[in-house]
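The structure appears right after this line, and notes come after that.
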Amino acid sequence: MKEDQRYFNFPIVLLAGYLDDHRKVLDDIVDYCLYEQSLGLEDEDEDDLEKFSIVADYNYIQIGDPEKSFSNGKGLYESIPYNTAKVGLSLRIFWDFYKNQKPEFENVCLLAFLAIKSILHNKPYCKVTNKFWLSRMDGKSKSVKELTDLSSRMQKYSTEYQTKKIKYELIESWGLIHYSRYTRGFYVSYKLSLEDLIFHAEKQRKKYREKQQRKLIEEARLKALEKLKNLK
């Protein structure tokens, strides 16, 4: 039997506060996604709440209070700008974390996984800084200026020891391809092989070195020309 590949796609900002109350965050994600999906139903014979319930049934979700969930989903949908960064999470993983009690570190790894996916979007690979990565883990669209701007719960995981530990777990258990040798930030992919990722990373580094070299040469040339002027 083919595995169900359905996903919840939602704005990354809905992850804010996950480490404080993950069930509320996951409930909000359900409400948001069901409401958004219900907007795609074109049957004029159904009202908005009925469409919401149809989508819930399609996703095998039993809603205790449909009106409350509909209202919450609509409120979230209308309050979040359309161009806010989004991320997709398979229903299999979603319900695993919803129904089962997980250690905090495993929840942190889920946030780390989603943060990288939201940054990659459809790109085969990209370069990421720890600050931007942690910001997305914290439910922020943009990078914080300082790590102290992260929530207190996320600051705990912003140390070098913790970020390395999280990356190692993503590589071991979440399928992350990672490379960071002599680079500011780190390169990530969920599509490329490690060899291909290294190729692209080193290619970018070579371009950067060549650009810096051209800049140094141009600066030296201008200084030399200035000296020549002074000789006249």
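Throughout, read-outs are computed from the coordinates displayed, never taken from laboratory work. Remember, it's a predicted structure, so these values are computed and weren't measured experimentally. Methodologically, a virtual Cβ is constructed for each residue, glycine included, from the backbone with ideal geometry; neighbour enumeration extends over all protein chains shown.
Taking the Cβ of each residue in E160, E169 as the centre, tally the other Cβ atoms inside 10 Å and list the residues starting with the fewest.
E160, E169
Gap in Å between the Cα centre of segment 109-123 and the Cα centre of segment 52-77?
That distance is 26 Å.
Sort 216-225, 92-101, 111-120, 13-22 by the packing proxy (mean of other Cβ within 10 Å over each peptide's residues), most packed first.
So the peptides 216-225, 92-101, 111-120, 13-22, ranked by packing, come out 111-120, 13-22, 92-101, 216-225.
Helix 22-38 against the longest principal axis of the chain: what's the angle in degrees, Cα atoms only, rounded to the nearest 10?
80 degrees
Calculate the FRET efficiency for D149 and D27 from the Cβ-Cβ distance with a Förster distance of 25 Å, rounded to the nearest 0.05.
Result of the calculation: an efficiency of 0.40.
Suppose the chain between L194 and Q162 were pulled fully straight at 0.36 nm per residue; how much longer would it get relative to their current alpha carbon spacing?
9.3 nm
For Cα pairs less than 8 Å apart in space and 6+ apart in sequence, what is the mean separation divided by the residue count of segment 8-64, i.e. the relative contact order in percent?
The value is 26 percent.
Go through K24/K51; K123/K156; K131/K164; K86/K142; K99/K156 and tell me which ones have a Cα-Cα distance over 18 Å in this structure.
Result: K24/K51; K123/K156; K99/K156 exceed 18 Å.
Projecting each Cα onto the charge dipole of the chain (Lys/Arg +1, Asp/Glu -1 at the beta carbon, about the Cα centre), which of I93, S173, C33 comes out farthest on the positive side?
Final value for the positive-end residue is S173.
Among F10, S71, S53, whose Cα sits farthest toward the positive end of the charge dipole of segment 7-99 (+1 at Cβ of Lys/Arg, -1 at Cβ of Asp/Glu, about the Cα centre)?
Positive-most Cα among the choices belongs to F10.
Obtain the nm distance between the two label points defined at D43 and R181 by a simple spin-label model: each point lies 7 Å from its Cα along the Cα-to-C-beta direction.
Label-label distance for D43 and R181, simple model: 5.8 nm.
Leaving out same-chain residues fewer than 8 places away, which aspartates and glutamates sit with a Cα under 13 Å from that of K211?
Within reach: E219.
Could you name the aspartates and glutamates whose alpha carbon sits less than 13 Å from that of K167, not counting residues in the same chain fewer than 8 places away?
E106
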